[in-house]
Amino acid sequence: MSKNSKAYREAAEKIDREKLYSPLDAAKLAKETSSKKYDATVEVAMRLGVDPRKADQMVRGTVNLPHGTGKTARVIVFAVGEKAEAAAAAGADVVGSDDLIEKIQGGWLEFDAAIATPDQMAKVGRIARVLGPRGLMPNPKTGTVTPDVAKAVADIKGGKINFRVDKHSNLHLIIGKASFDADKLTENYGAVLDEVLRAKPSSAKGRYLKKIVVTTTTGPGILVDPAVTRNFLEA
């Protein structure tokens, strides 16, 4: 939906740009203003009161969306032997070691998450400059460096997503599809907000949640009241 299109303008007219909506009302508006041509992704963007240049103010973590993202994540696993077999049995899309690293070095990036067994991390480090900036580098803190690769694959396929604040202090997370019921989008939003609040650095000063916007892939942004941190299904 182009910002210059009639459909976008009509959608934008339904939103009060000055109003802070409740999470449930924002979900309803996101559905109402999304493109009717396809099932748009619904996202939440948060501006945080942190300085990610400081190591003790890096916000990152994982969240299990109770209703999933609406799409099946493409997961790769760096593993060998029995661990590789377990990953494949759990539904990993691609499993490998040196061969998979070479494939990525060649420019292949058709996946949404990467998992590795601890013994593979020395090798995976060779592509850290490729995976890191894209938020795809396996990390013990997000459960993507683990000996239990089968569980990690199942978690991600089931709706577990990682988040990490960018250099501009922003977070961007998927909370579902426009076809989801508003209640389900709101419950996913609540799960995200709970984890982001839990990840607040102790060194962060001042207001932590500065701005929250819910939007569909190409739809207008909807401001959400950052003060609403519980009872999400109340309008």
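Just so it is clear, none of the values below were taken in a lab; they were calculated from the coordinates. Remember, it's a predicted structure, so these values are computed and weren't measured experimentally. Every residue, glycine among them, receives a Cβ derived from its backbone with ideal geometry; neighbour counts consider all protein chains shown.
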Review point. So what's the chain giving for Rg/Rh, alpha carbon basis, Kirkwood Rh from the mean inverse pair distance?
Key: 1.00
Check your understanding: Angle, helix 182-198 long axis vs. longest principal axis of the chain, Cα atoms, 0 to 90°, nearest 10?
Key -> 60
**Study point:** Using a Förster distance of 25 Å, the FRET efficiency for ARG53-GLU195 (Cβ separation, nearest 0.05)
**Key:** 0.65
Study note, to complete from the structure: Amide H proximity to ILE175 below 5 Å, modelled H, separation 5+ or other chain, gives VAL42, GLU43, VAL44
Point to revise | Separation between Cα centres of region 139-214 and region 48-81, rounded to whole Å | key: 6
Check your understanding: Considering only LEU131, MET46, ILE175, whose Cα is most displaced toward the positive end of the charge dipole of the chain, charges sitting on Cβ of Lys, Arg (+1) and Asp, Glu (-1)?
Key -> MET46
Check your understanding: Calculated FRET efficiency, VAL80 and ARG60, Cβ-Cβ r, R0 25 Å, to nearest 0.05?
Key -> 0.35
Check your understanding: In whole Å and largest first, what semi-axes does the C-alpha gyration tensor of region 3-62 yield when each eigenvalue is scaled by 5 and square-rooted?
Key -> 30, 14, 12
Revision key, fill the gap. Listed residues ARG134, ARG74, ARG47; largest mean-square fluctuation, Gaussian network over the chain with Cα springs below 10 Å, found at ARG134
Check your understanding: If we count GluC sites (Glu not before Pro) as exposed when they sit in a DSSP loop and have at most 13 other beta carbons within 10 Å, what is the longest stretch of the chain that avoids them all?
Key -> 111-233
Check your understanding: About its Cα centre, how strong a charge dipole does the chain have in debye, to the nearest 20, once Lys and Arg get +1 and Asp and Glu get -1 at the Cβ?
Key -> 880
Study note, to complete from the structure: Calculated from DSSP helices alone, with each H run of at least 4 adding -39500 (n - 2.57) and the total divided by the residues of the chain, [θ]222 nm to the nearest 500 comes to -8500 deg cm²/dmol
Revision key, fill the gap. Everything considered on the Cα gyration tensor (a ≥ b ≥ c; rounded for a/c under 1.5, else prolate if a/b is larger than b/c, else oblate), region 75-157 must be described as rounded
Study note, to complete from the structure: Among LEU109, PRO140, GLY91, the residue whose Cα sits farthest towards the positive end of the charge dipole of region 75-157 (+1 at Cβ of Lys and Arg, -1 at Cβ of Asp and Glu, taken about the Cα centre) is PRO140
Revision key, fill the gap. Extension length gain for ASP181 and THR72 (0.36 nm per residue less Cα distance), in nm, is 37.4 nm
Check your understanding: Hey, what's the Cα Rg ratio for region 11-148 versus the globular rule of thumb, 2.2 N^0.38 Å?
Key -> 1.34
Point to revise | All lysines inside 26 Å of LYS123 as judged from Cα atoms, apart from same-chain residues fewer than 8 positions distant | key: LYS83, LYS103, LYS141, LYS151, LYS157, LYS160
Exercise for review: Determine, from the Cβ-Cβ distance of LEU233 and LYS6 and an R0 of 41 Å, the FRET efficiency 1/(1 + (r/R0)^6), rounded to the nearest 0.05.
Suggested key: 0.80
